[in-house]
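First up is the structure itself, then whatever we jot down about it.
The values are calculated or read from the model by the stated rules, or taken from the named source; none is laboratory data. Since this is a predicted model, take the numbers as computed values, not measurements. Neighbour counts run over all protein chains shown; Cβ positions are idealised from the backbone, glycine included.
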């Protein structure tokens, strides 16, 4: 399909979510017909409203935990982009069953549906959380998979399921281990959290952890371009790629950027660390990714971490303010 230039029908699970909706935008721009599947638990119709009424885009309100409906949703599709998941890592501390059901059960149902309907291409949204607490950063794709959160464990389990279905049933699978993706439509994570807190009280910022937690932040446009690049380069079998920027910054750096974007001064910071300075049990102190494997395909991130956070903060701040009017 990709090599011939023919633009077929692709399925995007979680297509009304943050990354999923941006992926839908790009696929439509490239001429694909897109079927969006979302249960709208964390996704929003607002994210895809500009596609409503477009004959190239079909929207199904559907839960991947319903096997019969999942099988119907993959009927006639050429490829599946599986981006449906519960994105809140902290949830796994108090309600681990959420990530088991929303990630592992949902992924199994989707793989079974693909097997039964002979769908041969899958792109899976995994996470840098599968690496857990690496001995050093940045980590490559060959680093040990040792998650420290149920969220990370669920993503690792999904990767193993995808690998097994690739080997057993010939599914061409691309797994993408994303760093912290930021940009317009973001409604979870540290950027959104800080903006909401500072809008409520511009003089005080509560920071979960000691502020030295280190992360790589990648802008959503770069992440989507990486996704399409890896998919188009797939020649069969199973391939995993890290998707991140080429540097990393601390949570304190993120706070600096957001305070600057919001035009604030003299903001007092209150830190709430647990364990070894992280924000919650299962949080990781330092994680950043090697992206040479993906760069070998011709992709390169345009924005560094600080630039990605600043650009995302400007968009998210504008969106949040607009919603409050």
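Tell me, please, whether a residue that is over 21 Å from residue 176 (Cα atoms), in contact with a strand residue (DSSP E or B) (Cβ under 6 Å, 6 or more places away or on another chain) and assigned to a loop (DSSP other than H, G, I, E, B) can be found in the stretch 244-259.
Checking the stretch 244-259: not a single residue is over 21 Å from residue 176 (Cα atoms), in contact with a strand residue (DSSP E or B) (Cβ under 6 Å, 6 or more places away or on another chain) and assigned to a loop (DSSP other than H, G, I, E, B).
Can you tell me which residue among 123, 119, 89 is at pLDDT 95 or above, assigned by TED's automatic domain parsing to the domain that holds residue 44 and part of a loop (DSSP other than H, G, I, E, B)? Full working, then the answer.
Working: 123 fails: part of a loop (DSSP other than H, G, I, E, B); 89 fails: at pLDDT 95 or above.
Criteria check complete, one pass: 119.
Just to be sure, is residue 134 over 27 Å from residue 77 (Cβ atoms), in contact with a helix residue (DSSP H, G or I) (Cβ under 8 Å, 6 or more places away or on another chain) and assigned to a loop (DSSP other than H, G, I, E, B)? Reasoning before the result, please.
On the way: over 27 Å from residue 77 (Cβ atoms): yes; in contact with a helix residue (DSSP H, G or I) (Cβ under 8 Å, 6 or more places away or on another chain): no; assigned to a loop (DSSP other than H, G, I, E, B): yes.
So residue 134 fails the test.
Of the residues 101, 86, 109, which single one is free of Cβ contacts under 8 Å to residues at least 40 places away in the same chain and under 21 Å from residue 176 (Cα atoms)? Even if it seems obvious, please write down each step before you answer.
On the way: 86 fails: free of Cβ contacts under 8 Å to residues at least 40 places away in the same chain; 109 fails: free of Cβ contacts under 8 Å to residues at least 40 places away in the same chain.
Within the list 101, 86, 109, the selection yields 101.
Do we find a residue being touching a strand residue (DSSP E or B) at 6+ places or on another chain (Cβ under 7 Å) and surrounded by fewer than 20 Cβ atoms within 10 Å (Cβ to Cβ) anywhere in the stretch 176-196? Don't jump to the end; show me each part of the working.
Restricting attention to the stretch 176-196, the residues satisfying the condition of being touching a strand residue (DSSP E or B) at 6+ places or on another chain (Cβ under 7 Å) are 176-183, 189, 191, 194.
With the extra rule that they be surrounded by fewer than 20 Cβ atoms within 10 Å (Cβ to Cβ), the set shrinks to none.
Within the stretch 176-196, not a single residue is touching a strand residue (DSSP E or B) at 6+ places or on another chain (Cβ under 7 Å) and surrounded by fewer than 20 Cβ atoms within 10 Å (Cβ to Cβ).
Okay, residues lined up against (1) in contact with a helix residue (DSSP H, G or I) (Cβ under 9 Å, 6 or more places away or on another chain); (2) outside any loop (DSSP other than H, G, I, E, B):
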position: 276; (1), (2): no, no
position: 282; (1), (2): yes, no
position: 294; (1), (2): yes, yes
position: 298; (1), (2): yes, no
position: 309; (1), (2): yes, yes
position: 317; (1), (2): yes, yes
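Looking for something within 30 Å of residue 94 (Cβ to Cβ), at pLDDT 95 or above and crowded, with 20+ Cβ neighbours inside 10 Å - is there at least one such residue anywhere in the stretch 276-283? Lay out the reasoning, then the answer.
Start the filter on the stretch 276-283 by keeping residues that are within 30 Å of residue 94 (Cβ to Cβ), which leaves 276-283.
Still in the list and also at pLDDT 95 or above: none.
Taking every residue of the stretch 276-283 in turn, none turns out to be within 30 Å of residue 94 (Cβ to Cβ), at pLDDT 95 or above and crowded, with 20+ Cβ neighbours inside 10 Å.
Checking residue 32 against (1) more than 10 Å from residue 10 (Cα to Cα); (2) out of contact with any helix residue (DSSP H, G or I) (no Cβ under 8 Å at 6 or more places or on another chain); (3) buried (at least 18 other Cβ atoms within 10 Å of the Cβ), only one condition comes out false. Which one?
(1)
Within the stretch 155-175, is even one residue in a loop (DSSP other than H, G, I, E, B), touching a strand residue (DSSP E or B) at 6+ places or on another chain (Cβ under 8 Å) and surrounded by fewer than 19 Cβ atoms within 10 Å (Cβ to Cβ)? Lay out the reasoning, then the answer.
Narrowing the stretch 155-175 to residues in a loop (DSSP other than H, G, I, E, B): 170-171.
Retained after the next criterion (residues that are touching a strand residue (DSSP E or B) at 6+ places or on another chain (Cβ under 8 Å)): 171.
The next check asks that each one be surrounded by fewer than 19 Cβ atoms within 10 Å (Cβ to Cβ); those that pass are none.
No; the residues of the stretch 155-175 include none that is in a loop (DSSP other than H, G, I, E, B), touching a strand residue (DSSP E or B) at 6+ places or on another chain (Cβ under 8 Å) and surrounded by fewer than 19 Cβ atoms within 10 Å (Cβ to Cβ).
Might you check whether a residue that is assigned by TED's automatic domain parsing to the domain that holds residue 224, touching a strand residue (DSSP E or B) at 6+ places or on another chain (Cβ under 7 Å) and within 21 Å of residue 243 (Cα to Cα) occurs anywhere in the stretch 58-69?
no
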